[in-house]
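Participant: Structure provided below as structure tokens; questions to follow.
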Amino acid sequence: MSLETNINAEIKTAMLGKKEADLRALRAIKAAILLAKTAEGGNGEITEADETKLLQKLAKQRRDSLEIFRQQNREDLAVKEEEELVVIERFLPKQMTEAELKAALTDIIASVGAASPADMGKVMGAATKQLAGKADGKAISAMVKELLK
């Protein structure tokens, strides 16, 4: 079942259950899907990889907003962002643990032949392709920096 079909079914459930937070997040996902499908140069279809990127982008936006709202002591807005983030993360693939990420990055570093922090670009290029959807970009970057010291 495609993400769009899944989202439409979840929207109906959220409406019947009168779950405002779920409804907000689901409608945001649906809007992003529609924008991606109708984007210039698109063929009206999006792949599963595109769906994952889209969800990651929405989750990142929520995390960034959450951080800003907390810094500005706007707990009312932070709560809304957090509620939406929880809903969006339900549709994302399971994220790697720190140990799994470290093991995967160690393998990537060995395969690329990186030895110093100067090789970080090579490692990040391979890692972001290989670990797309499984780990956050900030987490990958931080772990690569730590491993290449």
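Since every read-out is calculated from the coordinates, none of them should be taken as a lab result. What you are looking at is a predicted structure, and each value in this text was computed from that prediction instead of being measured. As a convention, Cβ positions derive from the backbone with ideal geometry for all residues, glycine included, and neighbour counts pool all protein chains shown.
Participant: What tally of residues in the range 108-127 results from selecting those that are of a type outside the set (Gly, Ala, Ser) and part of a loop (DSSP other than H, G, I, E, B)?
Facilitator: 0
Participant: Same structure again: Residues in the range 29-45 that are part of a loop (DSSP other than H, G, I, E, B) and charged (D, E, K, R): how many?
Facilitator: 2
Participant: Could you tell me how many of the residues in the range 1-28 are part of a helix (DSSP H, G or I), farther than 19 Å from GLU89 by Cβ and among the basic types (Lys, Arg)?
Facilitator: Qualifying residue count for the region: 1.
Participant: Quick check: anything in the range 56-64 of a type in the set (A, V, I, L, M, F, W, C) and under 13 Å from the mean Cα position of the chain (by Cα)?
Facilitator: yes
Participant: Which numbered condition trips up LEU105, out of (1) touching a Leu at 6+ places or on another chain (Cβ under 8 Å); (2) assigned to a helix (DSSP H, G or I); (3) among the hydrophobic types (A, V, I, L, M, F, W, C); (4) more than 27 Å from LEU147 (Cβ to Cβ)?
Facilitator: For LEU105, the exception is condition (4).
Participant: Out of everything in the range 27-59 that is touching a residue at least 60 places away in the same chain (Cβ under 8 Å) and more than 22 Å from MET15 (Cα to Cα), what residue ends up being surrounded by the fewest Cβ atoms within 10 Å (Cβ to Cβ)?
Facilitator: Only one residue tops the list, namely ALA49.
Participant: Can I ask one more? Condition first: surrounded by fewer than 16 Cβ atoms within 10 Å (Cβ to Cβ), of a type outside the set (Val, Ile, Thr) and under 15 Å from the mean Cα position of the chain (by Cα). Now tell me which residues in the range 96-132 satisfy that.
Facilitator: LYS129, GLN130, ALA132
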